[in-house]
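Below is one structure, written out as structure tokens; comments come after it.
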Amino acid sequence: MSHSSNSKGGAEAASNQMWGGRFASGPAAVMEEINASIGFDRALYSQDIDGSIAHATMLAATGVISSADRDAIIDGLTTIRSEIEAGTFTFSRALEDIHLNIEARLTELIGPAGGRLHTARSRNDQVALDFRMWVRDELRRTEAALKALIGAFLGRAEEHARTVMPGFTHLQTAQPVTFGHHCMAYVEMFGRDLSRVRDALERLDECPLGAAALAGTGFPIDRQMTAEALGFSGPTRNSIDTVSDRDFALEFLSVASICATHLSRLAEEIVIWSTPQFGFVTLSDAFSTGSSIMPQKKNPDAAELVRAKTGRINGAFVALSTVMKGLPLAYSKDMQEDKEQLFDAARALDLALAAMTGMVADLKVDEKAMKKAAGAGYSIATDLADWLVRELGLPFREAHHVTGRAVALASERGVGLERLSLDDLRTIHDGITADVFSVLTVTRSVASRTSFGGTAPREVKKQIRHWRKRLEKMG
């Protein structure tokens, strides 16, 4: 007997060692650790309470519960909301998630009526509702943040519609543009993000509540009533898809990932432009830091951190799409992994948009440095080629060849194209006249780009007016 008892104790000890120090009590501790979501899904408390109030109101209206039970439930849920917001609510890991934590406290407060709240409902459609409402709220925050960022860019574009700067391809000087035109490029980019947010909100506009576990319910519920009470245009149309669907979360992360990529590209340009080698812009002290040992430095930390946040946001999209890719219909516990990284991505996007809006509004632009750089690297070469086509009737390919020879000559002499003499240019093509010098300045170059959407100041101002009207119509 003694030998048998010792063997059993040794086996238990070995088993506990396998689970590790954090899980000394064995498999039950591991299961609680992996199963509990209250550590993060408590963020859904407000949506959970709103959904439960709408559900209880509908159950009473359809005669499933009494009006007395409805009133008790709503009073209890209102108390719970106050406790959570005051920080006095006790969240229990043993109760797994926000839904069971709230339901248990509700029953403590009002007795058996609390247990009637879950009639005609499952945690499957409950969490689908809560999470969808949370994502809806976040999309609305993102919409407002994008409008603010676009507004900041419109202000800078208007201010600098005539400020000349170099335009780049391959990060090499290409043709002169205006800083206002460059700002409007970001208005277009973030405008597409805004459009995607609004599209996502439209697709999300269906209420999951009433799908129950996966098959609907036999109780005489009114799904249209709960949908309208919760701000949706109507209920979802297939109960299986309803509890299986996380497209709304994937779409938010997709929108966030594309937007973060745009923010990162902008951050990269701010980092480059603020270097002494470029000197196009200076960041305000609010969005930069100094060096601990080099007093001359002003580091664009905010821009760099915005650039880095893109990795977290992209990673969240990849993570959730990977979770969802192999799931059969309908609900699987894997879908509990849909929230943590989305919450993190949403926080990162909120912060990045706010930081970038502040940076854009506060940027100090060095117009002289931009204009000087705009004329470097033979950026007006295309204007010479265009003049040859327009005034002399040369085929563009021949004009391109003539211009290339002019650039080579200017480079050999270490001067800009505009510093070559008429005689120099006529040795390359004898049809060139003194009129050519009218196009060989960066200011005239940008003014000549009058095609729709071009960099000419009047076109930039036209696009600014278009976007101001567009934002105004959005409300």
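The values are calculated or read from the model by the stated rules, or taken from the named source; none is laboratory data. Small disclaimer: the values here were computed from a predicted structure and weren't measured. Note: ideal-geometry Cβ built from the backbone for every residue, glycine included; neighbour counts use all protein chains shown. These accessible areas exclude ligands, DNA and RNA; they are computed on the full protein's heavy atoms, side chains included. Shrake-Rupley method; radii C 1.70, N 1.55, O 1.52, S 1.80 Å.
Gly404 - would you say it is over 33 Å from the mean Cα position of the chain (by Cα) and surrounded by fewer than 17 Cβ atoms within 10 Å (Cβ to Cβ)? Yes: the conditions hold for Gly404. Within the stretch 407-440, being within 47 Å of the chain's Cα centre (by Cα) and open to solvent by less than 50 Å² (accessible area, probe 1.4 Å) holds for Val407, Ala410, Val415, Gly416, Leu417, Ser438, Val439, Leu440.
The single condition among (1) touching an Asp or Glu at 6+ places or on another chain (Cβ under 9 Å); (2) assigned by the TED database to the domain that holds Met335; (3) more than 30 Å from Ala68 (Cα to Cα) that Met165 does not satisfy is (2).
Look through Asp71, Asp50 and report the one residue that is over 32 Å from the mean Cα position of the chain (by Cα), outside the structural domain of Cys207 (by the TED database), at pLDDT 95 or above and not aliphatic (A, V, I, L, M). Steps first, answer last, please.
Working: Asp50 fails: over 32 Å from the mean Cα position of the chain (by Cα).
From the options Asp71, Asp50, the qualifying one is Asp71.
Where residues in the stretch 152-173 are surrounded by fewer than 16 Cβ atoms within 10 Å (Cβ to Cβ) and assigned to a strand (DSSP E or B), which of them is nearest to the chain's Cα centre (by Cα)? Among those residues, the one meeting the criterion is Thr169.
Quick check on my filter: what residues within the stretch 372-399 are part of a loop (DSSP other than H, G, I, E, B), without any contact (Cβ under 8 Å) to a residue 40 or more places away in the chain and crowded, with 18+ Cβ neighbours inside 10 Å?
Taking the stretch 372-399 as the starting set, the residues that turn out to be part of a loop (DSSP other than H, G, I, E, B) are 375, 379-380, 393-395.
Next, from what is left, pick out any that are without any contact (Cβ under 8 Å) to a residue 40 or more places away in the chain: 393-395.
Leu394, the sole residue that qualifies.
Under the condition of being open to solvent by 70 Å² or more (accessible area, probe 1.4 Å) and over 15 Å from Ser284 (Cα atoms), the residues counted in the stretch 297-316 number 3. All of (1) of a type outside the set (S, T, N, Q); (2) within 24 Å of Phe248 (Cα to Cα); (3) without any contact (Cβ under 8 Å) to a residue 12 or more places away in the chain hold for Phe190 with one exception: (3). Considered as a group, the residues in the stretch 103-127 that are touching an Asp or Glu at 6+ places or on another chain (Cβ under 9 Å) and more than 15 Å from Ala54 (Cα to Cα) include one that is least open to solvent (accessible area, probe 1.4 Å), and that residue is Ala113. Filtered by the rule that a residue be closer than 18 Å to Asp125 by Cβ and either small (Gly, Ala, Ser) or surrounded by 17 or more Cβ atoms within 10 Å (Cβ to Cβ) (or both), the stretch 325-343 gives Ala330, Tyr331, Ser332, Met335, Gln336, Asp338, Lys339.
Among residues belonging to the stretch 443-458 that are assigned to a helix (DSSP H, G or I) and free of Cβ contacts under 8 Å to residues at least 12 places away in the same chain, point out the one that is farthest from Met165 (Cα to Cα). Walk me through it before giving the result.
The first filter runs over the stretch 443-458 and keeps only residues assigned to a helix (DSSP H, G or I), leaving 443-448, 457-458.
Keeping just the survivors that are free of Cβ contacts under 8 Å to residues at least 12 places away in the same chain gives 447, 458.
On the way: Ala447: 13, Arg458: 16 Å.
My answer is Arg458.
Taking the stretch 196-232 as the range and being of a type in the set (A, V, I, L, M), in a helix (DSSP H, G or I) and either open to solvent by 40 Å² or more (accessible area, probe 1.4 Å) or farther than 28 Å from Thr142 by Cα (or both) as the test, the residues that pass are Met225, Ala229. For His99, the stated conditions hold: it is at pLDDT below 95, closer than 29 Å to Gln224 by Cβ and not polar (S, T, N, Q). Going through (1) in contact (Cβ under 8 Å) with a residue 60 or more places away in the chain; (2) part of a helix (DSSP H, G or I) one by one, Leu440 falls short only on (2). Is one or more of the residues making up the stretch 205-221 among the small types (Gly, Ala, Ser) and either in contact with a Lys or Arg (Cβ under 8 Å, 6 or more places away or on another chain) or at pLDDT below 95 (or both)? Checked against the condition, which is being among the small types (Gly, Ala, Ser) and either in contact with a Lys or Arg (Cβ under 8 Å, 6 or more places away or on another chain) or at pLDDT below 95 (or both), the stretch 205-221 yields at least one hit.
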